[in-house]
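I have placed the structure first, in the form of structure tokens, so that the comments after it can refer back to it.
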């Protein structure tokens, strides 16, 4: 009897273990299926042909005042796709030479459907690509001042040249023109180039601090990337140019 | 036993799946796992062997472009300008006549209104009507005179400015022409002097040779005679001396003749040189005068065109102002008439009359204004058509040329795009090959700053220039 009981215990335990393990395998299998379906198997970088998107009817037929809204809509759609497929950065196709998935058709069909996007949480952004808004940098006071001085110098030179060269033969006119160009180049070399060199060093410092691989212009990024513009501006304001 | 083995297998499977999940979880968030490279495509384009072709195409396009824009617009010739101005003046006279006719029509309109008023004494009504017309005419006439004076002043100023500018330009051109002419004269005289000197040297050499030859020919005869002279008696001596003298005289004569001939030759040559200088100077002066004339014509046409356009604009604005002023003139006339007849006729009657007259006159004026403007417009169209015909004749030739240039530019642009595309494809192909070999997942270009990414530019450049 005891043998029977023992026999029955020994025969039930592995069966139960097998059932338990099989259940575990099914659960893990399902979890992994959902995981992969969620997009983790795809690369975390994608690109979109912005030029092709801008040729869509809604961009072509929109009044210039509303284009900004549409561009925001485009960026929002990019963010949605990034969330859906777990892309950490979506670039403009013109900066991609090879190896990045092109999701232009998917984006086109989303934009053409004119359906509102479902609500989605803000997707994670990658930190290996830095982005920089050049327009924000050139409006810094130091740049503005030097730029306005250069503009007035350029304008004065132009007017002076036009006045002096009015009755000159072509050869002398060309000589006078190159004289003014040399003067303007010298100004650029003396006052503008050092500013840009210094700014470049600061951008590099920030990028190194943030452990970035490279820095791309904000205009070439539809979604993601680490925007280092505020840090660069802060550094410029602290250290000066 | 079977269950044990199966359990073991499943446990192993679980371990494998879990490991795989851990390894694949968030696979490319870490920068060390995502291999990104950068490449400077614009630099590579400039290093590509086909870049030379691109530059060639650029140069070719530039030359075609400059040729295209070098075609100057043809201006109206002076004669046509005079014709244009004549027709413009005619249109002006016609317009003035139309304005006069318009005032007559206004008078008629006012007369027709007269019959419509019954409450006012006909005499008074006639007086009112006449006063209204008179006041209107005066107000309009005064404004017309003011505008006319302003326009005439502007016209005179524009003409004065143009002629001053032309005179200054002519002075400059003449000064330049004289400088060039004097430089040319200096050059020609210098050349002629050099040639003359050379020729004189040659003549001198010729004379020396001649003298040498002459002396050589007579040398033996002279010696013979001199020997005879030394041994001759008195009677013979005289004879020999005569012979010797004859010989020397002949020599002198021949020398003199030669010298004369050479002098004449030199004088002829000098004259010839002077003629040449004079001829060249005349030709240069003619060319320079033509050049001055051409430049003057072009400048004059430019100035006339500019001032004509400005005056035409001014004329149009004056016309518009005058047209606008007509309604103001009516208002002024109305105020004057109401003031004048206030005590003689009931105010309401005058106002009714004036209002009705004003409305009718205004509508009539509008209609007439439109008619006159349409006529003026037609005239302007005619003037424009006239100048357009002239332009068309010259532009028709250029049109064909432009068409060809535009087609060539289009083809060149297409060819440039094709070359650029093939260069880019070449670069992308090389980038893909390197990326595949080195396991690089993404290759980017147009990067603002590369910090730690692998730069493939040099590697691709080496492949492009093995």
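The values are calculated or read from the model by the stated rules, or taken from the named source; none is laboratory data. Quick caveat, the model's predicted, so the values are computed rather than measured. As a convention, Cβ positions derive from the backbone with ideal geometry for all residues, glycine included, and neighbour counts pool all protein chains shown.
Observations, loosely collected:
- Residue in region B:250-259 that is touching a helix residue (DSSP H, G or I) at 6+ places or on another chain (Cβ under 7 Å) and part of a loop (DSSP other than H, G, I, E, B) present: no
- Within region A:165-184, residues that are over 16 Å from residue B:176 (Cα atoms) sit with their Cβ atoms under 6 Å from residues that are outside any helix (DSSP H, G or I), at 6+ positions apart or across chains, in these pairs: A:173/A:165; A:176/A:165.
- Against the test of being free of Cβ contacts under 8 Å to residues at least 60 places away in the same chain and under 18 Å from residue B:215 (Cα atoms), the options B:258, B:237 yield a single qualifying residue, B:258.
- Residue count for region A:223-233, restricted to those that are free of Cβ contacts under 8 Å to residues at least 60 places away in the same chain and either facing chain B (nearest Cβ under 7 Å) or buried (at least 17 other Cβ atoms within 10 Å of the Cβ) (or both): 1
- Screening the candidates B:170, B:181, B:147 for the property of being out of contact with any strand residue (DSSP E or B) (no Cβ under 9 Å at 6 or more places or on another chain), within 14 Å of another protein chain (Cβ to nearest Cβ) and touching a residue at least 60 places away in the same chain (Cβ under 8 Å) yields one hit, B:170.
- Complete set of residues in region B:418-462 that are in contact with a strand residue (DSSP E or B) (Cβ under 6 Å, 6 or more places away or on another chain) and assigned to a helix (DSSP H, G or I): B:428, B:431, B:432, B:435, B:457
- Among the candidates B:21, B:57, B:34, the residue that is modelled with pLDDT under 75, surrounded by 12 or more Cβ atoms within 10 Å (Cβ to Cβ) and under 60 Å from the mean Cα position of the chain (by Cα) is uniquely B:34.
- Exactly one residue among A:129, A:100, A:89, A:96 is farther than 30 Å from residue A:58 by Cα and surrounded by 15 or more Cβ atoms within 10 Å (Cβ to Cβ), and that residue is A:129.
- Residue list for region A:209-222, restricted to those being within 22 Å of residue A:138 (Cα to Cα) and within 7 Å of chain B (Cβ to nearest Cβ): A:214, A:215, A:216, A:217, A:220
- Answer residue from region B:445-458, given it is more than 50 Å from the chain's Cα centre (by Cα) and crowded, with 17+ Cβ neighbours inside 10 Å and is nearest to residue A:132 (Cα to Cα) among those: B:451
- Members of region A:197-208 found to be within 7 Å of chain B (Cβ to nearest Cβ) and surrounded by 15 or more Cβ atoms within 10 Å (Cβ to Cβ), listed by number: A:203, A:204, A:207
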